[in-house]
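**Student:** My questions all concern the structure below.
The values are calculated or read from the model by the stated rules, or taken from the named source; none is laboratory data. It should be emphasised that the depicted structure is a prediction, and the values quoted were computed from it without experimental measurement. Neighbour counts run over all protein chains shown; Cβ positions are idealised from the backbone, glycine included. The area values use the complete protein model at the heavy-atom level, side chains included, leaving out ligands, DNA and RNA. Shrake-Rupley method; radii C 1.70, N 1.55, O 1.52, S 1.80 Å.
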Amino acid sequence: TKPLAKAAIEAVELGNVRFVPESWSKTYFEWMRNIQDWCISRQLWWGHRIPAWYDPDGNVYVARDETEARKKYELSDSLPLHQDEDVLDTWFSSALWPFSTLGWPENTPEISNFYPTTVLITGFDIIFFWVARMIMMGIKFMGEVPFREVYIHGLIRDHAGQKMSKTKGNVIDPIDIIDGVKLKTLLAKRTEGLMQQHLTADIQRTTRKEFPDGISPFGADALRFTFASLATGGRDINFDFGRVEGYRNFCNKLWNASQYVFSNTSKQELDHLEFTVADRWIRSRFRKTIEKVTTAFHGYRLDLAANALYDFTWHEFCDWYLELTKSSLKKQDIHEAQLNGTRATLTEILGALLRLLHPIMPFITEELWLDLCEHIDKKSDTIMIEAIPNIKDFTSDAEAEEELDWIKEFVSNIRQIRGEMRLNPSQALPVKVSGAQASDHARIEKFKTYLISLAKLESIEFVENTNAISGAATSLMGKMRLLVPLVGIINPETERNRLKKQRDQTEEDLAKCRKKLENDQFLKNAPEDVVTKEREKRVKFIQRLEQLNNQLTTLDEII
């Protein structure tokens, strides 16, 4: 094997084959530079039988079949021959895969078109057993490496980090995650054919505890997105059903957002477009998302691509832009060009987003894409052959991003007050603004429709003197102060009693935490991660206590 290994080592050293992440090339070199001769026979009943024939004296004749062996070695038909009983090692047969599947040893059109391939995707545990041997055989028989890049991913383990195996009874069939499975079926799949029958009861008990009602259906897209988000380039991936459930919710979010777009747009041609600040902002943010996703794909960082797509879809497109369009589309004084600009942006961003999501989530994006095309009267047979979005189609707009950041900060501050004081989410609130700079004043007037709609406000009023406003929850936004008068909005006594109970409980929790951290024995004997968690809890209790005291001070002003 050393001559084979020498050429394969040089292929990686010269960059003809590149590992991603690059660090895995060290594992490759460690194996190859210390390679031992390789026994290619196995005593199994399955596999490719070794093409060697023996005569009664033990002489060996190698050929494709017995007829060829007799002709090649000029053996008489009367000489008895018997074929070797062993089969080729699985990895030997697999090493020939990149070209044997294309018609080798014939010079087929498939070999001309597809050899060498572009990228091999596989796990780190078979870098030597498969990757290295394919490179050796490719160079030996084809005179060229079989692929240019090798993307190495981690191994999927169960939620506890254990390797999935039939013996442990912790194997999860992806089809069961996609379609769902009843507990009875799951128990049967995990225990049938066990070589160690005495483990059956333990496996059944563990399965019932982990999946008391079986596994709910999550769909293929949610599972694919989960795997993409976990593909960090590390060694192991602990499978978490919570992540799959979260991405199923993401699919639902995308579906509902699409229905909103469909219900607010039409097939008519939209001319004379004028874009609102929200339209300009989402276009600018999507341009950045295209850049992030494209860069991530080129670097085989599927996790970064998935995260960028998730953040844009959920937090920017759905949580902010769609909400901003609601106020735009309902405005009585909005002119047609601006209305058309928003409608065009809704369909354009949704269509481009579906195309960008498609490689990771092919099924829901295909259905929504065809629905969108029918809705806007666009001809398309499938999303699969549509172009990936190009950043040239979307303009970067720093001004729009700065103004939307300001709007989001204003709305978030009001929402924080609403959350801290446990105010009814649907109750319209009056807001007093003091200390507004000229730019803040202008923005409030310019974007008042957005602010009132998103923050659910009754009114926005500028005030000079805040001393006359008692019992108001406040929030600072730069030099500007936002005040929400609470008189008449909440029952001060009821709220005070509730907050005092929470404060008393928090003080009690903080005292217990401090007692632990002041105990030398605890600090000495407890695991480091346990001590760290306890310190983190102490910080949270202190912050929560400060927050509760501030809320009580505000209530005291009302009372």
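**Student:** For Phe225, all conditions in the list (1) surrounded by 14 or more Cβ atoms within 10 Å (Cβ to Cβ); (2) at pLDDT below 90; (3) on the phi < 0 side of the Ramachandran plot hold save one; what is the number of the exception?
**Tutor:** Status for Phe225: all satisfied but (2).
**Student:** Considering the range 293-318 alone, what residues qualify as being among the aromatic types (Phe, Trp, Tyr), under 19 Å from Val150 (Cα atoms) and buried (at least 17 other Cβ atoms within 10 Å of the Cβ)?
**Tutor:** The answer is Tyr300, and nothing else.
**Student:** If you take the residues in the range 452-492 that are touching a Gly at 6+ places or on another chain (Cβ under 7 Å) and under 15 Å from Arg418 (Cα atoms), which one is modelled with the lowest pLDDT?
**Tutor:** The selected residue is Val487.
**Student:** Considering only the range 91-107, I want to know if a residue exists there that is open to solvent by less than 40 Å² (accessible area, probe 1.4 Å), among the hydroxyl-bearing types (Ser, Thr, Tyr) and farther than 22 Å from Gly15 by Cα.
**Tutor:** Yes.
**Student:** Now, a different point. Look through Phe92, Phe141 and report the one residue that is part of a helix (DSSP H, G or I) and modelled with pLDDT of 95 or more.
**Tutor:** Selected residue: Phe141, the only one of Phe92, Phe141 that is part of a helix (DSSP H, G or I) and modelled with pLDDT of 95 or more.
Yes/no per residue for (1) open to solvent by less than 100 Å² (accessible area, probe 1.4 Å); (2) in a helix (DSSP H, G or I); (3) within 28 Å of Lys501 (Cα to Cα):
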position	(1), (2), (3)
Phe522	yes, yes, no
Lys533	no, yes, yes
Leu548	yes, yes, yes
Asp556	yes, yes, yes
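**Student:** Considering only the range 489-500, I want to know if a residue exists there that is open to solvent by less than 90 Å² (accessible area, probe 1.4 Å), in a strand (DSSP E or B) and farther than 30 Å from Tyr321 by Cβ.
**Tutor:** There is no residue in the range 489-500 that is open to solvent by less than 90 Å² (accessible area, probe 1.4 Å), in a strand (DSSP E or B) and farther than 30 Å from Tyr321 by Cβ.
**Student:** Another question, then. Yes or no: Thr118 exposed (fewer than 14 other Cβ atoms within 10 Å of the Cβ), touching a strand residue (DSSP E or B) at 6+ places or on another chain (Cβ under 7 Å) and without any contact (Cβ under 8 Å) to a residue 40 or more places away in the chain?
**Tutor:** Yes, satisfied.
**Student:** Shifting gears a bit: Picking from Asp213, Asp279, which residue would you name as being among the charged types (D, E, K, R) and loosely packed, with under 14 Cβ neighbours inside 10 Å? Even if it seems obvious, please write down each step before you answer.
**Tutor:** Numbers: Asp279 fails: loosely packed, with under 14 Cβ neighbours inside 10 Å.
It is Asp213.
**Student:** For the structure I just gave you, tell me whether Leu353 is assigned to a helix (DSSP H, G or I), buried (at least 19 other Cβ atoms within 10 Å of the Cβ) and under 22 Å from the mean Cα position of the chain (by Cα).
**Tutor:** Here the answer is yes, as Leu353 does meet what is asked.
**Student:** For the range 45-71, what are the residues that are touching a strand residue (DSSP E or B) at 6+ places or on another chain (Cβ under 7 Å) and not hydrophobic (A, V, I, L, M, F, W, C)?
**Tutor:** Residues satisfying the conditions are Gly47, His48, Arg49, Pro51, Tyr54, Tyr61, Glu66.
**Student:** Right, something else. For residues that are within 21 Å of Ile126 (Cβ to Cβ) and touching a helix residue (DSSP H, G or I) at 6+ places or on another chain (Cβ under 9 Å), scanning just the range 159-169, find the one that is surrounded by the most Cβ atoms within 10 Å (Cβ to Cβ). Let's see the steps before the verdict.
**Tutor:** Taking the range 159-169 as the starting set, the residues that turn out to be within 21 Å of Ile126 (Cβ to Cβ) are 161-168.
Now restrict to residues that are touching a helix residue (DSSP H, G or I) at 6+ places or on another chain (Cβ under 9 Å): 166-168.
Details: Lys166: 17, Thr167: 11, Lys168: 15.
If we take residues in the range 159-169 being within 21 Å of Ile126 (Cβ to Cβ) and touching a helix residue (DSSP H, G or I) at 6+ places or on another chain (Cβ under 9 Å), then Lys166 is surrounded by the most Cβ atoms within 10 Å (Cβ to Cβ).
**Student:** Given the criteria under 21 Å from Val20 (Cα atoms), crowded, with 16+ Cβ neighbours inside 10 Å and not hydrophobic (A, V, I, L, M, F, W, C), does Gly123 qualify?
**Tutor:** no
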